[in-house]
Amino acid sequence: MSPVPRTVLRLAAALAGALGLVATGPGLASAADLVHTDPARDVVTASFSSDKEQVAPGERGIDIRKVRVSHGTDTLVIHLRTRGRLPRKGVILNAAVRTPGGTYDLAHLRFAGATESALVIGGTAVPCAGFGAEQGRRTATFTVPTACIGDPAWVRVGVGVARTSGKRFYADDGLSRTTGMRLKLSGRIARG
């Protein structure tokens, strides 16, 4: 694997950090599982030199359509499905997991031929055997052992996907019709 240029890593970190900002909205009912259908054609785009966002209805690859979260006794699984094929490069899969003990950021990045996945709280990487991120053609899955996030009785989850293309970025929030650079969190999902 070739080393990733620093500018690409900074860009990836900036996008992941921007997506990791969390917005809370009206909560969903507490349950051990969550299934959410996200509206189609709600991807937004902007240039790196401007904060002005616009909808990009033709962007299929990162347009999240379905989010499934399973909060089991041993594992938290966050699964998403997109409207089109996920890009193989220049893509960031991001999730925020709020627990009673804090908010964890999960990221899976594919830039410049390198693939990286991370579980972080407060800017510090969390060592976690069993943590994983997988990207398929139209699906992505984060798997987190609950022991790595403090064995919480409940979690609130947000999920997003972003990609870059030239001087533009594209983003979709899996639980909201808009993006606004903040992930919307689900209601509490109890451990089941």
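Observations on the model:
- A 1.4 Å probe over all protein chains sorts 156, 60 by accessible area into 60, 156, starting with the largest.
- Stretching residue 112 away from residue 53 to a fully extended chain increases their span by 18.7 nm, per 0.36 nm per residue minus the current alpha-carbon distance.
- Rounded to the nearest Hz, the phi-derived 3J(HN,Hα) couplings of the range 58-67 under the Karplus curve 6.51 cos²θ - 1.76 cosθ + 1.60 (θ = phi - 60°) are x, 6, 8, x, 10, 6, 5, 10, 9, 10, where x marks glycine and proline.
- Ranked order, 134, 59, 53 - accessible area, probe 1.4 Å, largest first: 134, 53, 59
- Debye, to nearest 20: dipole size of the range 88-192, +1 on Lys, Arg Cβ, -1 on Asp, Glu Cβ: 500
- Annotation: lysines with alpha-carbon distance below 25 angstrom to residue 167 (same-chain offsets under eight excluded): 52, 89.
- Once divided by 2.2 N^0.38 Å, the Cα radius of gyration of the range 147-190 becomes 1.50.
- With only Cα atoms counted, the range 74-192 has Rg and Dmax values of 14.0, 44 Å.
The values are calculated or read from the model by the stated rules, or taken from the named source; none is laboratory data. All values derive from a computational prediction rather than experimental measurement. Ideal geometry is used to build each Cβ from the backbone, glycine not excepted, and the neighbour counts take in all protein chains shown. Remember, those area values only see protein heavy atoms, side chains included, never the ligands or the DNA or RNA. Shrake-Rupley method; radii C 1.70, N 1.55, O 1.52, S 1.80 Å.
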